[in-house]
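The values are calculated or read from the model by the stated rules, or taken from the named source; none is laboratory data. As the structure is a prediction and not an experimental result, all values here were calculated from the model. Cβ coordinates were reconstructed from backbone atoms using ideal geometry, including for glycine residues, and neighbour counts include every protein chain displayed. Keep in mind that these areas ignore ligands, DNA and RNA; they rest on the heavy atoms of the full protein, side chains included. Shrake-Rupley method; radii C 1.70, N 1.55, O 1.52, S 1.80 Å.
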Amino acid sequence: MTSELSFGGISIPGFFLYALLALSAESMVFSGAGGFSRALRAARKPGLLRWNTLFVTFFCVCSVCAAQLLGPLASGLPRPMVARSVLFLCTDALLYLGAAAAVRKISPSLWKKAGGALSSGALNTLVLSMPFLQEALSMDFLSSLGYALGTGAAFWLASVLLHSALQICSHKDVPRAYRGLPAALIYAGLICLAFCGFSGGRFF
């Protein structure tokens, strides 16, 4: 894929193009289902939403940087696909340990409040998929950074929409069998269908 898009004679850099792509047509949260369960958990704890979003975005960016630095190394090892997976998992684990140690040292109160959000962000499917999406979509480094930031924005949007859905679907007018989570999942499924439509893919 190209790193620039010309629209009305105006060239849009790949950074912004892929950020928009991650938020819309190629959204892993809405159309690829990656990270959906984490977004749902974040929606049920609105007080931690900003921290969940911040940590997911931070680890997505770190994952892209790790792929840029370690990708060539993995290509030279036996069974490159397996080596890449193990290498990126180990890197993600080290990043989490470093970030956790820094947060605990700098702000114990923040660690007590949002430590669970930090681990959730590091282990998110969105984060673990970044290096492989970078290769599959043939993105350069700046485009990958844009995609990582757009993915963080998509996670925030999904969490906000799901939080709103949980509130609406818990109303007493909703039939008891569907009240709460079941109705919210139907609501989310309809949104996912809409985003799949943006991607131009087929449902069946």
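If only residues of the range 162-182 that are open to solvent by less than 50 Å² (accessible area, probe 1.4 Å) and aliphatic (A, V, I, L, M) are counted, the one that is nearest to L69 (Cα to Cα) is L162.
Which members of the range 138-153 meet the condition of being in a loop (DSSP other than H, G, I, E, B) and either open to solvent by 70 Å² or more (accessible area, probe 1.4 Å) or acidic (D, E) (or both)? I'd like the intermediate steps shown before the answer.
If we filter the range 138-153 for residues that are in a loop (DSSP other than H, G, I, E, B), which is where we start, we get 138-140.
Answer for the range 138-153, where residues must be in a loop (DSSP other than H, G, I, E, B) and either open to solvent by 70 Å² or more (accessible area, probe 1.4 Å) or acidic (D, E) (or both): S138, D140.
Kindly indicate the residue of the range 93-117 that is in contact with a helix residue (DSSP H, G or I) (Cβ under 7 Å, 6 or more places away or on another chain) and loosely packed, with under 15 Cβ neighbours inside 10 Å and also farthest from R41 (Cα to Cα) among those meeting that condition. Here the residue is R104. Out of all the residues in the range 96-113, which are hydroxyl-bearing (S, T, Y) and within 23 Å of the chain's Cα centre (by Cα)? Within the range 96-113, Y96 is the sole residue that qualifies.
Restricting A194, A158 to those that are modelled with pLDDT of 85 or more and among the small types (G, A, S) reduces the list to A158.
With the condition kept exactly as written, say whether any residue in the range 118-133 is over 17 Å from C62 (Cβ atoms) and either surrounded by 15 or more Cβ atoms within 10 Å (Cβ to Cβ) or free of Cβ contacts under 8 Å to residues at least 40 places away in the same chain (or both). No, the range 118-133 contains no residue that is over 17 Å from C62 (Cβ atoms) and either surrounded by 15 or more Cβ atoms within 10 Å (Cβ to Cβ) or free of Cβ contacts under 8 Å to residues at least 40 places away in the same chain (or both).
Working carefully through the options G98, G71, find the one that is at pLDDT 90 or above and farther than 21 Å from V29 by Cα. If you could, list the steps in order and put the result at the bottom.
On the way: G71 fails: at pLDDT 90 or above.
Result: G98 is the single residue among G98, G71 that is at pLDDT 90 or above and farther than 21 Å from V29 by Cα.
Search the range 154-182 for residues that are over 24 Å from N124 (Cβ atoms) and β-branched (V, I, T) and pair each with any residue that is in a loop (DSSP other than H, G, I, E, B) and open to solvent by less than 50 Å² (accessible area, probe 1.4 Å) when their beta-carbon atoms are under 9 Å apart and the residues are at least 6 apart or on different chains. Listed by first residue and then by second, the contacts come to I168/V174; V174/G180.
Counting only residues that are within 17 Å of the chain's Cα centre (by Cα) and open to solvent by less than 50 Å² (accessible area, probe 1.4 Å), which one in the range 65-92 is nearest to Q134 (Cα to Cα)?
To start, the set of residues in the range 65-92 that are within 17 Å of the chain's Cα centre (by Cα) comprises 65-67, 88-89, 92.
Restricting the remaining residues to those that are open to solvent by less than 50 Å² (accessible area, probe 1.4 Å) gives 65-67, 88, 92.
On the way: C65: 11, A66: 11, A67: 8, F88: 13, D92: 16 Å.
Among residues in the range 65-92 that are within 17 Å of the chain's Cα centre (by Cα) and open to solvent by less than 50 Å² (accessible area, probe 1.4 Å), the one nearest to Q134 (Cα to Cα) is A67.
Would you check if Y178 is of a type in the set (F, W, Y) and not in a helix (DSSP H, G or I)? When the stated conditions are applied, Y178 passes them. When the range 29-58 is limited to residues that are in contact with a Ser or Thr (Cβ under 7 Å, 6 or more places away or on another chain) and at pLDDT below 80, the one that is most open to solvent (accessible area, probe 1.4 Å) turns out to be S31.
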